[in-house]
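Trainee: Sharing a structure with you now.
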Amino acid sequence: MCREGHAAYDLRMTFANFVGGSWVPSESGATFENRNPADTRELVGLFADSTTQDAAAAIAAARQAFESWRLVPAPKRAEILFRAAQLIAARKEEFARAMTREMGKVLDETRGDVQEAIDMTYFLAAEGRRLHGQTAPSELRDKFAMSIRQPIGVCAMITPWNFPMAIPSWKIIPALVCGNTVVLKPSELTPLSAVHFVQVLEEAGVPPGVVNMVTGGPAVGEMLTTHPDVAVVSFTGSTAVGRLVNQNAAPSFKKVHLEMGGKNAIMIMDDANLELALEGCLWGGFGTTGQRCTAASRVIVHERVHDRFVEQFVARASALRVGDGLAAATQVGPSISEKQLQKVMGYVEIGVQEGATVACGGRRLTDGPHAHGFFHEPTIFTGVTPGMRIAREEIFGPVVSVIKCGSADEAVAIANDVAYGLSASIYTQDVNRAFRAMRDVYTGIFYVNAPTIGAEVHLPFGGTKATGNGHREAGLAALDVFSEWKSVYVDFSGKLQRAQIDTESV
Ligand code: NAD
């Protein structure tokens, strides 16, 4: 990260923090660069390199705004959010293009990312007219019992770079509709899409202080996870950082929602429609350059169809066109950063050392249109056994490990035998096999005859084991992260009625 005084740069490309309803630079005056991973000669913008004081100011603004925002009727809060959804929809193309420039994934996919933010905003804004609680009969006469959702307070959101608008929306919209206020710290690799999202919320009429954004690195994140005025931390990122976030937030008993890494498997049975499975593996393994938490980085193939599948999978993966995500022909964009690319290359080396075979790819691309970006060939390892590191650890790049199995039960056992539990899928024509696998694979998401990616916003999203800590985002489950239940009893008997002691005679 390069630190510079931002005055030296074109001010139109310099982006500030959003605190208490104003766009303000970091108190330090420092900025960091955001460059296009497809061509690092291109500067996308300069962003506030925030300090812990900036983070504290944002938390204070959110704390103050909470007292009025929590009292705005939820249907009114929703009206503002519906406006935001309309504004994002109107700028979808502009936001998608900007996102490809900062994140690298192909334009179709960044359009999908923005669409996900639109869908999530419409879906959860509608909860402003529901936010249902329960009413229940009381065990005592002349007494009323109900439970209601209550906002919690200041919610800190720490997000990664691979879904730069969708993931902030998954967190911010449910938090707002429930009546909380927000401080967002987006990834330092993709802050522009977060700026766009926050600009839209401002324009839609979200009052000052209700949404705040502080760009910067881990120090800002640490402040958000330790500050006593933050009540909820919602984090999406790597398992290693998620563990730190959890530890840092524990002493002050914050509610912590973690969405972390994955090592997702597609299982292909001997009765599968192989053409369908091939398409699924190409999209699941190499879509978003393998940089999805739900990416299918393991393909577990029945021995009876293994060789036939591998032959075609290798041929098709070798033909994928790697390049700038803005070019119409491109199917696979760059890795997000030099560091991420080095990680990919490191795992290719590990796979070779472990005795797996590089069936295609395996090298960085550096010539011609690839000279200034972080490009890598789509890579398939065969001869992979479940104990190898390339079969167990998250690589987060265009690398897929093919593992042979002898039965559906073995495939399920291999799928389950990793630390993570985000997504899995099975290709089979046998309904019994499909249902057994659906029941027995221990993940938060499961697909039949589709790849491991492709979640829809109105269903819960999240994982088990080292992928998550029991919460879910999206769907109505998101409301459980950002609200607390209050049980309310109203006694209209005019006398003391003691629960469990004063029993009713009928
Ligand atoms: P990362 O863990 O490196 O960073 C995530 C965020 O945490 C960034 O904003 C970063 O600045 C911040 N951060 C870093 N150190 C911190 C600290 N000490 N305290 C607080 N915040 C800190 O992850 P990444 O490289 O941005 O994203 C890739 C990872 O995200 C992958 O592991 C991927 O599987 C995961 N991911 C998970 C999901 C999911 O829903 N399960 C979705 C997308 C991505």
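The values are calculated or read from the model by the stated rules, or taken from the named source; none is laboratory data. Fair warning: this is a prediction, and the values are worked out from it, not measured in the lab. Here Cβ is always computed from backbone atoms with ideal geometry, including for glycine, and neighbour counts include all displayed protein chains.
Trainee: Would you point out which residue out of Gln312, Gln331 is out of contact with any Cys (no Cβ under 7 Å at 6 or more places or on another chain) and farther than 22 Å from Glu109 by Cβ?
Mentor: Of Gln312, Gln331, the one residue that is out of contact with any Cys (no Cβ under 7 Å at 6 or more places or on another chain) and farther than 22 Å from Glu109 by Cβ is Gln312.
Trainee: Turning to a different aspect of this structure: So, in the range 127-166, how many residues would count as being within 16 Å of the ligand (Cβ to nearest atom) and of a type in the set (A, V, I, L, M, F, W, C)?
Mentor: Let us first name the residues in the range 127-166 that are within 16 Å of the ligand (Cβ to nearest atom), namely 154-166.
Then keep just the ones that are of a type in the set (A, V, I, L, M, F, W, C); that gives 154-158, 161, 163, 165-166.
Total satisfying the criteria: 9.
Trainee: Now for a separate question. Being under 26 Å from the mean Cα position of the chain (by Cα) and within 16 Å of the ligand (Cβ to nearest atom) narrows it down to one residue among Ile395, Ile380; which is it?
Mentor: Only one candidate qualifies: Ile395.
Trainee: For the list (1) closer than 22 Å to Thr52 by Cα; (2) near the ligand (Cβ under 9 Å from one of its atoms); (3) assigned to a loop (DSSP other than H, G, I, E, B), I need the number of the one condition that Glu222 fails.
Mentor: Failed condition: (3).
Trainee: Name the single residue that is farthest from the ligand (Cβ to nearest atom) among those in the range 246-278 being in contact with a Cys (Cβ under 7 Å, 6 or more places away or on another chain) and either modelled with pLDDT under 95 or part of a loop (DSSP other than H, G, I, E, B) (or both).
Mentor: Checked the range 246-278; the qualifying residue farthest from the ligand (Cβ to nearest atom) is Gly262.
Trainee: If you don't mind, there's one more thing I want to ask. What's the number of the only condition in (1) in contact with a Phe, Trp or Tyr (Cβ under 8 Å, 6 or more places away or on another chain); (2) away from the ligand (no atom under 16 Å from the Cβ) that Pro386 fails to meet?
Mentor: Checking Pro386 against (1) in contact with a Phe, Trp or Tyr (Cβ under 8 Å, 6 or more places away or on another chain); (2) away from the ligand (no atom under 16 Å from the Cβ), the one that fails is (1).
Trainee: Do we have any residue at all in the range 98-107 that's out of contact with any Pro (no Cβ under 9 Å at 6 or more places or on another chain) and within 30 Å of Ala61 (Cα to Cα)?
Mentor: yes
Trainee: Of these, Val441, Val481, Val457, Val448, which one is in contact with a Cys (Cβ under 9 Å, 6 or more places away or on another chain) and not small (Gly, Ala, Ser)?
Mentor: On inspection, the qualifying residue turns out to be Val481.
Trainee: Any residue in the range 232-247 that is over 15 Å from Pro160 (Cα atoms) sitting within a Cβ distance under 6 Å of a residue that is of a type in the set (A, V, I, L, M)? List the pairs, counting only those 6 or more apart or interchain.
Mentor: Val232/Ile152; Asn246/Val256
Trainee: Moving on. Considering each residue of the range 365-407, count those that are within 23 Å of His302 (Cβ to Cβ), surrounded by fewer than 23 Cβ atoms within 10 Å (Cβ to Cβ) and among the small types (Gly, Ala, Ser), and give that number.
Mentor: 4
Trainee: Would you check if Val195 is farther than 19 Å from Asn34 by Cα and either charged (D, E, K, R) or more than 10 Å from the ligand (Cβ to nearest atom) (or both)?
Mentor: no
Trainee: Can you tell me which residue within the range 417-443, out of those that are in contact with a Lys or Arg (Cβ under 7 Å, 6 or more places away or on another chain) and of a type in the set (Gly, Ala, Ser), is nearest to Ile390 (Cα to Cα)?
Mentor: Ala419
Trainee: Ok, one more. Only one of these is over 21 Å from Arg472 (Cβ atoms), of a type in the set (S, T, N, Q) and surrounded by 24 or more Cβ atoms within 10 Å (Cβ to Cβ): Gln291, Gln312, Gln247. Name it.
Mentor: Gln291
Trainee: Just wondering, is there one or more residues in the range 127-148 that are at pLDDT 95 or above and buried (at least 24 other Cβ atoms within 10 Å of the Cβ)?
Mentor: no
Trainee: Name every residue in the range 128-159 that is of a type in the set (A, V, I, L, M) and touching a residue at least 40 places away in the same chain (Cβ under 8 Å), in order of residue number.
Mentor: If the condition is that a residue be of a type in the set (A, V, I, L, M) and touching a residue at least 40 places away in the same chain (Cβ under 8 Å), then Leu131, Leu140, Ala145, Met146, Ile148, Ile152, Val154, Ala156, Met157, Ile158 are the ones that fit.
Trainee: Could you list all residues from the range 167-185 that are within 14 Å of the ligand (Cβ to nearest atom), in contact with a Ser or Thr (Cβ under 6 Å, 6 or more places away or on another chain) and aliphatic (A, V, I, L, M)?
Mentor: Correct list: Ile167 only.
Trainee: Search the range 203-219 for residues being in contact with a strand residue (DSSP E or B) (Cβ under 7 Å, 6 or more places away or on another chain) and more than 14 Å from the ligand (Cβ to nearest atom), and hand back the single one that is nearest to Ala117 (Cα to Cα).
Mentor: Restricting to residues being in contact with a strand residue (DSSP E or B) (Cβ under 7 Å, 6 or more places away or on another chain) and more than 14 Å from the ligand (Cβ to nearest atom), the top hit is Val211.
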